[in-house]
Amino acid sequence: MIYDFGIIGGGIIGLSTAWALGKRYPGSSILLVEKENRWGFHQTGHNSGVIHSGIYYKPGSLKAQLARQGNLLLVDFCREQHIPFEICGKLIVASSAADMAGLEILLQRAHANGIQAEKLSSPQAKEIEPHLVCEGALRVFSTGIVDFKKVCERLAEGVGKSGGDLRLNTRTLSIRTANDGHRLETTSGDFSCRFLVNCAGLHSDRVARWQGLAKDIQIIPFRGEYYELRPEKRRLVNHLIYPIPQPELPFLGVHFTRMMDGSVHAGPNAVLSFKREGYRKWDFSLVDALESLRFKGFWKLAKTFAKVGVEELWRSLSKEAFVRDLQKMVPEVRSSDLVPAEAGVRAQCVNAQGELVDDFYIEEGFRALHICNAPSPAATASLAIANHVAGKIAL
Ligand SMILES: Cc1cc2nc3c(=O)[nH]c(=O)nc-3n(C[C@H](O)[C@H](O)[C@H](O)COP(=O)(O)OP(=O)(O)OC[C@H]3O[C@@H](n4cnc5c(N)ncnc54)[C@H](O)[C@@H]3O)c2cc1C
């Protein structure tokens, strides 16, 4: 059998893509292969569970458009599918007088991106988060929380019910491309498809290179480590409390997030990892490390962000340093209130100039699309990214 569509990767992007292709091309045959034994095992299953609003991103960028659309689509999907979620809003806080200028810039960005936000004085912010100490804050209304693993399960169920062929425990090993499509060699046998979509997350550059693409980019993994508030201290945080992000970085700074199960996570930081799926502090892969070190963009990146990189490493090694950053927002938090929680690893695309690719990035190949940069807020934006991808494909 030759499938119309073959999708590599069963994270939220691959599953949303299968969903969107099924809707756009009813009756088409869809194959999705995932190397792990459950859906959303990697980035999707290790994230903060935040439905982002789309406030931060450069107006006109794919991230700005698709995050906003994705937020609405995801909320509709959760409603239809009875997946619990909560649009609780979030506070972005200015911890110093100097931060107030950053707040103003973010407010302008909110307006440019069509996101509803309002500036709050410190007492107004305290009414929402009584343990917060700040100079002022921005309240973003459309931010929420959800368990993205549940979203994945429901997408997989839906695609399966409409006839999609979804295969877990199936690792793609190589792709052979001919005039009429592709042959995927996998650990469960060979499969043929007319059109391929690469949604392999932390391995998306490797998959794209099988088709001779992604020559000037590389996925560099950044681990995001979390702590969790002890249950008796969850009362310190009602919803979501974020600092003002550093404008030159795509990461948002360590923040407080209430999860759907009621726990409160603090983090994630962003530490360079030498293993693409390395969830523990000292995880190391010689293959992954050499691949990073051989990429010229890596050295340029390391030079530009040497200071930030060392600070992140220090904050990873020193719980006290991590806690000090949290105390800028909630001074009552003590080191003893926090216990380590599971980390996640971000697939961050870096270009040959050593720049952290900010926007979502898709490479086009022969009868193929390769999603080579889908970092945060791609879980939020997943259904919009999937529609965008499906719109680029003509069978
Ligand atoms: C710490 C952290 C916090 C985040 N917080 C948020 C947040 O709060 N909100 C938000 O919107 N976004 C957040 N993100 C970003 C979001 O999680 C990701 O953008 C999103 O999950 C990317 O989905 P994906 O499907 O591209 O990747 P993944 O979920 O990593 O899925 C890729 C899949 O491809 C599979 N695969 C790879 N190679 C192969 C192969 N050869 N054969 C078969 N299968 C293969 C992998 O096993 C994996 O399951 C966060 C990310 C991290 C790491």
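Check the stretch 300-310 and report whether any residue there is open to solvent by 50 Å² or more (accessible area, probe 1.4 Å) and among the aromatic types (Phe, Trp, Tyr). Checked against the condition, which is being open to solvent by 50 Å² or more (accessible area, probe 1.4 Å) and among the aromatic types (Phe, Trp, Tyr), the stretch 300-310 yields no hits at all. Identification of strands (runs of 3 or more DSSP E) wholly contained in the stretch 235-277 with 1 or more residues that are of a type in the set (A, V, I, L, M) yields 240-243, 264-267.
Restricting attention to the stretch 62-93, the residues being open to solvent by 20 Å² or more (accessible area, probe 1.4 Å) and away from the ligand (no atom under 15 Å from the Cβ) number 6. With respect to being of a type in the set (A, V, I, L, M, F, W, C), more than 10 Å from the ligand (Cβ to nearest atom) and out of contact with any Lys or Arg (no Cβ under 9 Å at 6 or more places or on another chain), Leu173 falls outside the description. A single member of Ser318, Ser285, Ser335, Ser292 is surrounded by fewer than 18 Cβ atoms within 10 Å (Cβ to Cβ) and in contact with a strand residue (DSSP E or B) (Cβ under 7 Å, 6 or more places away or on another chain), and it is Ser285. Being out of contact with any Leu (no Cβ under 8 Å at 6 or more places or on another chain) and open to solvent by less than 10 Å² (accessible area, probe 1.4 Å) is the filter here; which residues of the stretch 224-242 pass it? Once the filter is applied, which keeps residues that are out of contact with any Leu (no Cβ under 8 Å at 6 or more places or on another chain) and open to solvent by less than 10 Å² (accessible area, probe 1.4 Å), the stretch 224-242 yields only Gly224. Under 22 Å from the mean Cα position of the chain (by Cα) and open to solvent by less than 30 Å² (accessible area, probe 1.4 Å): is that true of Arg280 in this structure? Against the criterion (under 22 Å from the mean Cα position of the chain (by Cα) and open to solvent by less than 30 Å² (accessible area, probe 1.4 Å)), Arg280 does not qualify. For the stretch 30-49, the criterion of being under 16 Å from Phe195 (Cβ atoms), more than 13 Å from the ligand (Cβ to nearest atom) and in contact (Cβ under 8 Å) with a residue 60 or more places away in the chain is satisfied by at least one residue. Scan the stretch 176-222 for residues that are of a type in the set (D, E, K, R), within 26 Å of the chain's Cα centre (by Cα) and more than 14 Å from the ligand (Cβ to nearest atom) and the total you get is 2. Looking at the stretch 82-98, can you tell me whether even one residue there is part of a helix (DSSP H, G or I) and of a type in the set (D, E, K, R)? No, because not a single residue in the stretch 82-98 is part of a helix (DSSP H, G or I) and of a type in the set (D, E, K, R).
For the condition within 21 Å of Ala67 (Cα to Cα) and open to solvent by 60 Å² or more (accessible area, probe 1.4 Å), Lys119 does not qualify. Among the residues of the stretch 108-141, those identified as under 23 Å from Lys63 (Cα atoms) and touching a helix residue (DSSP H, G or I) at 6+ places or on another chain (Cβ under 6 Å) are Asn113, Ala117, Leu138.
Restricting the search to the stretch 338-364, which residues are buried (at least 17 other Cβ atoms within 10 Å of the Cβ), out of contact with any Gly (no Cβ under 8 Å at 6 or more places or on another chain) and in a strand (DSSP E or B)? Of everything in the stretch 338-364, those that are buried (at least 17 other Cβ atoms within 10 Å of the Cβ), out of contact with any Gly (no Cβ under 8 Å at 6 or more places or on another chain) and in a strand (DSSP E or B) turn out to be Leu338, Gln348, Cys349, Leu356, Tyr361, Ile362, Glu363.
The values are calculated or read from the model by the stated rules, or taken from the named source; none is laboratory data. Keep in mind the model is a prediction, meaning the values are calculated, not measured. Here Cβ is always computed from backbone atoms with ideal geometry, including for glycine, and neighbour counts include all displayed protein chains. Surface areas here come from the heavy atoms of the whole protein model, side chains and all, with no ligands, DNA or RNA. Shrake-Rupley method; radii C 1.70, N 1.55, O 1.52, S 1.80 Å.
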